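**Q** Below you will find the structure I want to go over with you.
The values are calculated or read from the model by the stated rules, or taken from the named source; none is laboratory data. The structure presented is a predicted model; accordingly, all values stated were derived computationally and were not measured. Counting neighbours? That spans all protein chains shown, and the Cβs are built from the backbone with ideal geometry, glycine included.
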Amino acid sequence: MTENGNATILGNNLNQLLSSARDTFPNAAIYTELSPRTIRNIRFLNKLIGKTSGHVKTLRAEDFNTERDHIHWTSSTARKILDHWKYSLGLGHL
């Protein structure tokens, strides 16, 4: 399959995922089975994005915490995400 074909598949999968989340939010439980090939494509896409200027780097997994409902971020997590985005985008002064 060509890279364009892979991009189309990834785009379709993402649109389906977002549609499901919108339909069931805020208590969405979204389960998808990704093939090993799709996982490789996503990793490849992430590497390509990482080579572009202006991308926001990954926040460490241990910086994500949720409330007891396992859905909503803690205020500490929200602050870490905001600070990370501001720093990554050069907006630390805001």
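**Q** Counting only residues that are among the polar types (S, T, N, Q) and at pLDDT 80 or above, which one in the range 26-51 is surrounded by the most Cβ atoms within 10 Å (Cβ to Cβ)?
**A** Restricting to residues being among the polar types (S, T, N, Q) and at pLDDT 80 or above, the top hit is ASN41.
**Q** Okay, moving on. How many residues are outside any helix (DSSP H, G or I), of a type in the set (Ser, Thr, Tyr) and either surrounded by 12 or more Cβ atoms within 10 Å (Cβ to Cβ) or touching a Gly at 6+ places or on another chain (Cβ under 8 Å) (or both) if we restrict to the range 56-87?
**A** Qualifying residue count for the region: 1.
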